[in-house]
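Report on the following structure.
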Amino acid sequence: MSVIATITTSLDGYVTGPDDGPEQGLGRGGERLHYWVMGGPWTYETEHDPTQQTGADKDYLDSLVATLGAGICGRGMYEAAGRWGGTNPFGGTLFVLTHRTEDAPDPETGFVFVDGFEEALERAREAAGDGDVVVGGGADTIRQALAAGVVDRLGLSTAPVVLGGGTRLFDGFTDDIDLRIAQVWTGEWATHVLYDVVR
């Protein structure tokens, strides 16, 4: 079992555009980060389907999902994704980090709210069995996982866009971590690099 942290960034290191939030999703222009997920350009106002990846983008995502046992994400990502329509689209339970657990959905939806990264990781490892635990966004959740020293692999998808503002992936992060490139996928809408964390 491995812990794999994955997120998409712009060339200038942002994981959202400016003014992101529950009502703004990925912020102004931030949807361009996830063109690779939707198989091309999309907006919040148009129909979009997060199962339309093609080519290298699909190969990268398929490689992550193939071993997925459980996941962890932050409340911001959960809300920005529109709560995935109320049903977890991934293969294992998704543990959502939040200090507001009182409005948790029914666990039958595949979402479990937890208050703290340590508890989320413990529960995700248990739920994953022999599968991997995938830690998704947002930036703070990725930073917590890296700072805890539990990440075995880091997957960074870099979209060919400069956002100029928003939420930076490594804002305030001061740990020194060595990485080794394990695999690279180059798609039309992003370059995906999977790194091994060197210990």
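The values are calculated or read from the model by the stated rules, or taken from the named source; none is laboratory data. Nothing here was measured: the structure is a model prediction, and the numbers come from that model. In this analysis, Cβ positions are derived from the backbone assuming ideal geometry, glycine residues included, and neighbour counts consider all displayed protein chains.
General remarks:
- When VAL135, VAL162, VAL150 are screened for being modelled with pLDDT of 95 or more, surrounded by 22 or more Cβ atoms within 10 Å (Cβ to Cβ) and of a type in the set (Val, Ile, Thr), only VAL135 passes.
- Just so you know, in the stretch 108-132 the residues that are over 20 Å from ASP196 (Cβ atoms) and charged (D, E, K, R) include one that is surrounded by the fewest Cβ atoms within 10 Å (Cβ to Cβ), and it is GLU108.
- For the stretch 132-164, a residue qualifies if it is closer than 16 Å to PHE95 by Cα and of a type in the set (Ser, Thr, Tyr), and exactly one does: THR141.
- Test: residue in the stretch 110-133 that is touching a residue at least 60 places away in the same chain (Cβ under 8 Å) and touching a helix residue (DSSP H, G or I) at 6+ places or on another chain (Cβ under 7 Å): yes
- Among the residues of this structure, GLY71 counts as one that is closer than 18 Å to VAL15 by Cβ and either buried (at least 17 other Cβ atoms within 10 Å of the Cβ) or touching a residue at least 24 places away in the same chain (Cβ under 8 Å) (or both).
- Residues of the stretch 141-178 that turn out to be more than 18 Å from the chain's Cα centre (by Cα), under 23 Å from LEU33 (Cα atoms) and free of Cβ contacts under 8 Å to residues at least 40 places away in the same chain, as a count: 1
- Here GLY30 meets the list (1) surrounded by 19 or more Cβ atoms within 10 Å (Cβ to Cβ); (2) within 19 Å of THR186 (Cβ to Cβ); (3) of a type outside the set (S, T, N, Q) almost entirely, failing just condition (2).
- Looking at TYR60, TYR35, just one residue is more than 25 Å from GLY166 (Cα to Cα), crowded, with 20+ Cβ neighbours inside 10 Å, over 13 Å from the mean Cα position of the chain (by Cα) and among the aromatic types (Phe, Trp, Tyr), and that residue is TYR60.
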